[in-house]
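Since the structure comes first, as structure tokens, the remarks are kept for the end.
The values are calculated or read from the model by the stated rules, or taken from the named source; none is laboratory data. Remember, predicted model here, so these are calculated numbers, not experimental data. So basically every Cβ, Gly included, is an ideal-geometry build from the backbone, and we count neighbours across all protein chains shown. Heads up: the accessible areas ignore ligands, DNA and RNA and are worked out on the full protein's heavy atoms, side chains in. Shrake-Rupley method; radii C 1.70, N 1.55, O 1.52, S 1.80 Å.
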Amino acid sequence: MKKIETAAMRAIQLEILDDVHAFCDQNGLNYSLSGGTLLGAIRHRGYIPWDDDIDIMMPRPDYDRFLATYTSSRNRVIDLSQSELCEEMFAKVSRNGTAMIDHSFGRNLYGVNIDLFPIEGIPQEGVESYVNEIVQRKTRITQVIPYYKIVKRGRWMWWLKCLLKRCRYWNFDAIMKLKAALNERVHSSDFQRSKQVGAVLGSYGMKELMPRTACEEYVELPFENRTFRAIGGYEIYLRNLYGDYMQLPPVEKRVSHHFYDAYIEE
């Protein structure tokens with residue numbers, strides 16, 4: 001396989017997003033740019049200059065339909081909630097014939113991809129305790145997954161923790177039970193009947209929450225000389241996540257937080 005640079009990787013990600021957009025249009029599914037991708041659309045009309053991934057989100061009913069029906073000759077859906085080797089619980093749409101190689105171990109679990117998060121319904125009572133529970137369950141899964149990135153502490157530490165986790169959790173069924181329980185918990189509140197919703201399987205905890213009305217309508221936003229969809233209440237969403245989201249971060253924080261190389265079949 002041939003290593004590709006960021007520009008080529010971004011081009012593949014955009015092709016994947018083009019395909020997902022077309023599929024959703026053809027099948028009446030709602031999706032929205034999310035996280036840093038939505039921020040990039042608003043602030044930069046494309047990628048945040050130091051970013052190198054694409055995030056989208058879907059209301060849980062659309063998300064489940066997408067996972068069950070999406071087909072493509074070039075891409076495949078990877079539901080990480082069904083993988084015992086990943087701490088994540090969301091899905092990826094990955095390009096066939098490509099690979100993402102983790103710097104810390106050289107593992108290849110999926111190709112060049114975009115992230116897909118479900119927007120969950122949130123219980124009306126005990127909202128903060130519910131979200132904290134989800135965060136704690138996710139943390140527990142992270143603690144038992146044998147494979148994860150620990151680049152900043154060096155490879156020897158990665159190997160040591162990997163070995164210790166394998167010794168303690170040699171039965172991978174335990175990991176899948178934890179994932180199944182978390183999946184069932186986030187399914188417990190009906191999206192359409194919830195006053196609050198949020199992509200709580202993401203990284204921002206309580207900041208992910210927004211009124212369901214923010215997702216009732218969708219708008220078109222420019223992104224890298226294309227047009228993609230976003231929730232109508234994107235200002236509420238971005239303000240929750242980033243505060244003054246039009247303000248650039250300090251120069252020292254304008255860096256990618258990913259540690260991998262991308263490859264494509266020659």
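Among the residues of the range 144-151, is there at least one that is open to solvent by less than 20 Å² (accessible area, probe 1.4 Å), modelled with pLDDT under 75, in contact with a Cys (Cβ under 8 Å, 6 or more places away or on another chain) and over 26 Å from residue 56 (Cα atoms)?
Scanning the range 144-151, I find at least one residue that is open to solvent by less than 20 Å² (accessible area, probe 1.4 Å), modelled with pLDDT under 75, in contact with a Cys (Cβ under 8 Å, 6 or more places away or on another chain) and over 26 Å from residue 56 (Cα atoms), so the answer is yes.
How do the pairs read when you match residues in the range 237-266 that are touching a residue at least 40 places away in the same chain (Cβ under 8 Å) and over 13 Å from residue 48 (Cβ atoms) with residues anywhere that are surrounded by 16 or more Cβ atoms within 10 Å (Cβ to Cβ) and among the acidic types (Asp, Glu), using Cβ under 6 Å and keeping only pairs 6 or more apart or on different chains?
Here the result reads 260/102, each pair linking the range 237-266 to a residue that is surrounded by 16 or more Cβ atoms within 10 Å (Cβ to Cβ) and among the acidic types (Asp, Glu).
Take the residues in the range 176-232 that are part of a strand (DSSP E or B) and of a type in the set (Ser, Thr, Tyr); name whichever of them is least open to solvent (accessible area, probe 1.4 Å).
Across the range 176-232, the extreme among qualifying residues is 218.
Residue 64 versus (1) farther than 14 Å from residue 237 by Cβ; (2) open to solvent by less than 20 Å² (accessible area, probe 1.4 Å): which is the lone unmet condition?
(2)
Just wondering, is there one or more residues in the range 25-32 that are surrounded by 16 or more Cβ atoms within 10 Å (Cβ to Cβ), at pLDDT below 95 and out of contact with any helix residue (DSSP H, G or I) (no Cβ under 6 Å at 6 or more places or on another chain)?
No: zero hits.
Is it the case that residue 185 is in contact (Cβ under 8 Å) with a residue 24 or more places away in the chain and closer than 27 Å to residue 87 by Cα?
yes
For the list (1) assigned to a helix (DSSP H, G or I); (2) within 21 Å of residue 119 (Cα to Cα), I need the number of the one condition that residue 53 fails.
The number of the failed condition is (1).
Scan the range 233-257 for residues that are outside any helix (DSSP H, G or I) and either of a type in the set (Gly, Ala, Ser) or loosely packed, with under 14 Cβ neighbours inside 10 Å (or both) and report the count.
Residues flagged as outside any helix (DSSP H, G or I) and either of a type in the set (Gly, Ala, Ser) or loosely packed, with under 14 Cβ neighbours inside 10 Å (or both) within the range 233-257 amount to 12.
To keep it simple, each residue is scored yes or no on (1) in contact (Cβ under 8 Å) with a residue 12 or more places away in the chain; (2) part of a strand (DSSP E or B); (3) open to solvent by 40 Å² or more (accessible area, probe 1.4 Å).
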residue	(1), (2), (3)
84	yes, no, yes
89	yes, no, no
93	yes, yes, no
101	yes, yes, yes
111	yes, no, no
116	yes, yes, no
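Out of 56, 48, report the one residue that is open to solvent by less than 40 Å² (accessible area, probe 1.4 Å), modelled with pLDDT of 95 or more and more than 19 Å from residue 212 (Cα to Cα).
Details: 56 fails: more than 19 Å from residue 212 (Cα to Cα).
Exactly one residue qualifies, and that residue is 48.
Among the residues that make up the range 69-81, is at least one of them part of a helix (DSSP H, G or I) and buried (at least 19 other Cβ atoms within 10 Å of the Cβ)?
yes
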